[in-house]
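Just so it is clear, none of the values below were taken in a lab; they were calculated from the coordinates. Keep in mind that this is a model prediction, so the values were computed, not measured. When we count neighbours, we look across all protein chains shown, and the Cβ atoms used for this are built from the backbone with ideal geometry, even at glycine.
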Amino acid sequence: MNKLIEVKVNEIKGISKKMIEHLNELEIFTIYDLFYYLPYRYENYEVANIHTVNTDDKITVIGQVVTEPVFNYFGARKSRLIFNIVVDDVIIKITAFNRDFLRGKISKGNHVTITGKFDKNKAQIVASELRLSKLENDRVEPVYSLKSLKKPFFLNVLKKALAQFESLINDELPLSLINKYRLISNKDVFTFAHFPVNNEQIRQVMRRIKYEELLKFQLKIYYLKEKEHKTNLKELKVFNPTDINNFIKNLPFELTGDQINVCNEILHDLKSEFQMNRLVQGDVGSGKTVVAAIALYANNLAGYQGCIMAPTEILAEQHYDYFRNLFSHLSVRLLTSSTSTKNRNLILTELNENKIDILVGTHALISEGVTYHKLGLIIIDEQHRFGVNQRKSLREKGGTPDALFLSATPIPRTLALSVFGDMDVSSIKQMPKGRKVVKTYLIKSKLEDRLVKFIDQAASLGQQVYIVTPLIDESEKMDLENAISVYEKYKTLFMGKYNVGLLHGKLSNDEKEKVMHEFKNNQIHVLVSTTVVEVGVNVSNATLMVIIDAERFGLAQLHQLRGRVGRSDLQSYCILVSDFQNDKTQNRLEIMTKTNDGFEIAEEDLKIRGPGDFFGSRQSGLPKFKMADIVNDFKILEVARDDAKVIVETKELMINPEYFALRYYIERQIIENNELFD
Ligand code: ADP
Ligand code: MG
């Protein structure tokens with residue numbers, strides 16, 4: 001355990017009340033907080049070679065003053081300090097403004113360190129910083145965010161505390177790991193982080209802190225996983241593999257290799273004595289639904305009820321239609337918030353009496369009163385659209401059901417293993433045979449005439465078109481107005497030629513269903529929609545996706561939208577319309593034109609948005625790191641993950657005293673964040 005946590009900053013010798021207040025304002029309460037109040041960056045004053053620097057470079061030089069300094073006054077209380085120094089035999093004129101306080105303190109013969117902008121022609125530096133010493137070993141300076149507290153005072157308190165509490169500093173990391181990776185000790189961490197002498201020390205601080213943070217993060221995941229594994233035993237599911245094979249043979253298509261592999265992994269989980277907790281990630285259109293169907297089928301053969309929850313009604317209805325047709329011999333029901341009370345009551349009764357085999361629905365599935373007779377499998381489609389608690393609620397609907405999560409937000413598998421460490425992860429990377437790559441173009445809105453012709457052309461071939469209108473600053477009302485105006489425009493343009501439909505979140509469920517139904521039946525040819533169309537909708541005759549004001553969407557979302565087309569062997573297109581302002585937006589959108597690989601796009605998106613936004617910090621359970629970053633420090637993360645796995649699996653964490661400090665830390669974290677499953 002870390003003793004520094006137990007000591008309040010009030011115990012620093014001679015600390016003033018005022019200083020305690022300052023520190024508390026920065027949320028520094030204990031010595032631990034103080035020592036870990038790390039700089040957010042370092043200013044680099046590494047001394048420049050005067051012979052190789054150029055005009056306008058910001059440089060630091062050390063030199064000797066060779067002329068008596070002169071103060072000139074101008075304007076109202078403004079002053080200019082001028083003197084010459086010699087650096088490496090070169091005479092440089094130094095100008096500094098408003099340094100009255102140096103009057104009488106600087107004179108010929110002194111050594112000074114100057115930082116400022118260099119002018120080669122004039123051999124001059126306009127000093128932004130001027131120090132009266134050589135400061136040989138003060139070349140990197142920590143920069144903190146300290147609110148009203150001044151840095152010298154902060155460093156002073158730190159220095160005192162380091163001296164006073166040095167003996168309490170210990171390492172939670174065991175010596176074996178410190179030695180293995182040649183990490184610096186915590187004592188050095190604090191000294192080097194706050195009082196660095198050179199860049200190498202800072203590098204060492206970062207290596208140590210990043211590794212330690214990521215190791216703790218991974219240890220916690222494996223620790224929880226182990227705990228859950230032990231407690232979550234279930235009845236094995238028994239079914240005849242021949243039945244499954246026949247079912248697969250009767251599908252209208254052949255499964256891809258990836259689909260087969262993932263199915264095998266799932267079937268293996270169902271048969272095992274441990275509850276399944278598996279994430280299947282695969283790009284839009286990679287065919288996750290049929291995998292879910294096979295799982296539901298096996299679960300049913302074993303004598304259990306199953307359910308699948310989707311984030312939108314449209315998607316739930318689509319699944320309902322699909323499963324009802326596929327499982328015509330079973331009793332499949334749909335439960336959403338628009339199910340009538342009478343039907344709902346009937347469904348709840350039948351569910352309890354085991355008269356329903358498969359229940360499809362939305363959030364309604366986790367509402368009160370939904371209880372099963374013998375629930376064996378829960379599936380959550382587009383799982384990233386649900387919060388942790390919603391996913392948990394569904395799992396708690398009785399018994400010890402196996403859980404399968406489907407996600408079309410692919411993330412690199414290794415990263416998934418680290419982030420969703422408590423789940424097993426399967427990936428479907430292969431697309432079904434015959435799929436053509438969706439051709440994607442980025443255009444400006446002034447090319448609208450050509451866009452209209454392009455839409456006309458697709459529709460004239462009997463194919464269908466989506467036009468998605470942008471999100472406007474989260475205001476649903478404006479989103480709607482926007483969608484309506486686009487709809488009116490195209491309706492007028494294609495009057496008497498094609499049917500234009502409108503889909504948005506404000507329509508009643510009946511209306512939505514009617515529109516989607518008409519689109520599916522090719523009665524609507526051009527569908528203008530807000531992003532309600534985003535998730536999972538499947539109309540394979542649609543070949544053109546137009547996205548207006550594309551810059552307003554995230555890459556992952558654009559990729560999802562694009563996945564609505566390219567669902568048949570027809571050539572499909574995606575047109576991104578954007579009057580982007582800057583290079584950054586343009587580069588971001590251009591990624592879409594260059595690749596169709598969701599994993600690659602996810603990686604780019606991750607880089608641009610950072611992991612917090614990407615995963616949505618609420619649902620991901622990602623901790624806030626001081627220095628580590630799971631994207632940029634992925635290499636360290638991998639090492640930490642492998643170490644954590646071994647430490648937990650070999651039980652070292654529980655039995656080896658070397659690891660007790662770490663174990664204590666992790667257990668406390670889990671209790672504080674209330675993460676223990678019971
Ligand atoms: P997603 O992974 O995005 O949920 P779906 O499960 O909706 O994708 O599948 C997209 C389409 O591909 C569906 O029409 C489905 O019937 C079809 N499909 C799935 N697997 C195959 C396959 N192996 N061969 C051909 N078509 C397939
Ligand atoms: Mg899907």
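Figures for the structure shown
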{"quantity": "Low-density loop cleavage sites - GluC sites (Glu not before Pro) in the stretch 1-69, where at most 13 other Cβ are within 10 Å (DSSP)", "calculated": "Glu27, Glu46"}
{"quantity": "Ranked packing of 366-374, 60-68, most packed first, by mean Cβ within 10 Å", "calculated": "60-68, 366-374"}
{"quantity": "At most 14 other Cβ within 10 Å, DSSP loop - trypsin sites (Lys or Arg not before Pro), the stretch 90-132", "calculated": "Arg103, Lys105, Lys108, Lys120, Lys122"}
{"quantity": "Helix 341-352 axis, angle to the chain major axis (alpha carbon atoms, nearest 10°)", "calculated": "90 degrees"}
{"quantity": "Neighbour net charge for Lys18 - beta-carbon separation under 14 angstrom, K R +1, D E -1", "calculated": "+1"}
{"quantity": "In sequence order, calculated HN-Hα J values of the stretch 77-86 (Karplus, 6.51, -1.76, 1.60; Hz; x Gly/Pro)", "calculated": "6, 10, 9, 10, 9, 10, 7, 10, 10, 10"}
{"quantity": "Mean Cα-pair separation over length for the stretch 47-131, i.e. relative contact order, pairs under 8 Å, 6 or more apart, %", "calculated": "33 percent"}
{"quantity": "Value of [θ]222 nm, deg cm²/dmol, for the chain, DSSP H segments ≥ 4, -39500 (n - 2.57) each, nearest 500", "calculated": "-12500 deg cm²/dmol"}
{"quantity": "Nearest-0.05 FRET efficiency for Ser540 and Asp597, computed from C-beta distance (R0 22 Å)", "calculated": "0.60"}
{"quantity": "Amide H within-cut-off set for Ala542, under 5 Å, with H built and near neighbours excluded", "calculated": "Gln464"}
{"quantity": "C-alpha long axis of helix 199-231 to longest principal axis of the chain, angle in °", "calculated": "30 degrees"}
{"quantity": "Loop GluC sites (Glu not before Pro), the stretch 221-307, which have at most 10 other Cβ atoms in a 10 Å radius of their Cβ (DSSP)", "calculated": "Glu273"}
{"quantity": "Proximal charge balance of Lys271 [Cβ under 12 Å; K/R count +1, D/E count -1]", "calculated": "-3"}
{"quantity": "With Cα atoms, 0 to 90° folded angle of helix 660-672 axis to the chain main axis", "calculated": "60 degrees"}
{"quantity": "Long-range HN-HN contacts of Val280 with modeled amide H, under 5 Å", "calculated": "Phe405, Leu406, Ser407, Ser426"}
{"quantity": "Percent of beta bridges antiparallel (DSSP, the chain, rounded to nearest 5)", "calculated": "40 percent"}
{"quantity": "Centroid-to-centroid separation of the stretch 585-608 and the stretch 649-664 [C-alpha atoms, Å]", "calculated": "42 Å"}
{"quantity": "Built amide H within the under 5 Å cut-off of Leu507, gap 5+", "calculated": "none"}
{"quantity": "Nearby lysines by direct alpha-carbon distance to Lys594 (threshold 20 angstrom, same-chain neighbours under 8 apart not counted)", "calculated": "Lys429, Lys436, Lys439, Lys444, Lys584, Lys607"}
{"quantity": "Table column - 3J(HN,Hα) (Hz), the stretch 112-129, Karplus curve with 6.51, -1.76, 1.60, x for Gly and Pro", "calculated": "10, 10, 10, 10, x, 7, 9, 10, 5, 5, 8, 6, 9, 10, 8, 7, 8, 9"}
{"quantity": "Segment Asp243-Glu513, extension gain: residue separation times 0.36 nm, minus the distance between their alpha carbons", "calculated": "93.7 nm"}
{"quantity": "Estimated vicinal HN-Hα couplings, Hz - the stretch 147-155 in sequence order (Karplus 6.51, -1.76, 1.60; Gly, Pro = x)", "calculated": "6, 8, 6, 7, 4, x, 5, 4, 5"}
{"quantity": "Among 390-401, 488-499, 280-291, the order from most to least packed when residues are scored by Cβ within 10 Å on average", "calculated": "280-291, 390-401, 488-499"}
{"quantity": "Convex hull (Cα only) mean projected area of the chain, reported in nm² to one decimal", "calculated": "39.6 nm²"}
